[in-house]
Each structure stands twice: as C-alpha cells, then as structure tokens.
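> My structure is below; once you've seen it, I'll send some questions.
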Amino acid sequence: MVQDIRVIGTGQLLELSARLRRAGHENIRSSFHRRIRRAAEPLRNDLQDAIRHLDIRSQGRAFGKRGGRSPTTRPLRATIAEAIRVSVRTTGDPGARVWVDKSRLPPDLRRMPDVINDGRIRHPVYGNRRRWATQWATPLWWDRTVRSHHDRITREVGRVVDDVRRHLE
C-alpha cells in the first residue's frame, strides 16, 4: 500500500541530487536526507495513530450462538502500525516513501492493510473456513491521512530543496 505524494518539479530533486553528488559535500547530503525524512515522519506517525485507533465494527453474535476468545493474541491494528515505514532516497529517484512493509507482517496478514483500507473485512470465524464473518472499518483511512499531509510535505520539501540549492550556489 503505497500512496505517492507527487511534488511538482521533481526534476528539481533529480537535478539537485546530481549537483550534491558532484559537489561531494557529505554533510549537505546527510542534512538533505535528514530533513526530507523529518518532513515525512509526521505522516508516518499519523498513519500509525490512524490504524491504531481505527474503529472496526461487526454485527456481533446472534442470541444463543456460541463464541469464545480469539485463537490468536496478536493485536491486529498494532501489528499493522508497526509495519509502517519511511524510506528516503537522495539518488536515482529522490524523495521519501511512506509504506507498509509487508515483510514485517505475519503471512496471514499481508493483505490486511489493503483490505482494511477498502472498509470491508471478510474472514473465517476462528479459522473455520465454513463459517465467515464480515466486519466494517472506516474506508480509505490511509488515503485520507496521506491527503491531509500533502500540502505540508510539498511545502517542506520545496523549502529543503531551496535551502540546499542556495547552499550549493
């Protein structure tokens, strides 16, 4: 689940990245990297908070139906929140990427971030593939959170690019 935030003028990032390499200023390059990461970290934190506090509803059990505790003690929302990562590149395709690292999720939960973002979670009851349940979550939690940060990240990245460009001139 990757939602791209496109900054207009990404050619500026490519050009600036090449100039940083040519200039060889390692401290400027590390500062550039650190500031881009710092611009993306509030988005990651808000995405983690959004999934941790996401309301997941179900109809509940009907009267007289059997039930019990879940066979797993794994907290679903916290597990997904811990898999949200930030990666920053200053060469090639420069920028920051906020994503769900599915390799950090258990195999049976690899599709769950996408399913929860759709808003409808259908799953077998306690692993019994003959009985299924449907639960609902607030749809598009990922997309809405990313959209709410778009303008701020665009401004911050533009400011970082301008500062580094001024320093190189």
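The values are calculated or read from the model by the stated rules, or taken from the named source; none is laboratory data. Bear in mind that the values here come from a model prediction, so they are computed numbers and not experimental data. All Cβ positions, even for glycine, are placed from backbone atoms using ideal geometry, and neighbour counts span all protein chains on display. These area figures cover heavy atoms from the full protein model, side chains too; ligands, DNA and RNA do not enter into them. Shrake-Rupley method; radii C 1.70, N 1.55, O 1.52, S 1.80 Å.
> Over its Cα atoms, what ratio of radius of gyration to 2.2 N^0.38 Å does segment 96-145 give?
So the Cα radius of gyration is 1.31 times the expected 2.2 N^0.38 Å.
> What distance in nm lies between label points placed 7 Å from Cα along the C-beta direction at Trp136 and Glu169?
5.5 nm
> How much accessible surface area, in Å² rounded to 10, belongs to the heavy atoms of Val100 with a 1.4 Å probe?
For Val100, solvent-accessible area is about 10 Å².
> Here is a follow-up. Please provide three numbers in whole Å: the alpha-carbon extents of segment 78-165 along the principal axes, with the largest listed first.
61, 24, 20
> What spacing in nm lies between the two simple spin-label points modelled at Arg144 and Asp46, each 7 Å away from Cα in the Cβ direction?
1.2 nm
> Show me, for segment 131-147, the HN-Hα J-couplings you get by feeding each phi into the Karplus relation (A = 6.51, B = -1.76, C = 1.60, θ = phi - 60°), rounded to Hz, glycine and proline as x.
10, 10, 10, 10, 10, 10, 10, 5, x, 6, 4, 5, 4, 5, 5, 4, 4
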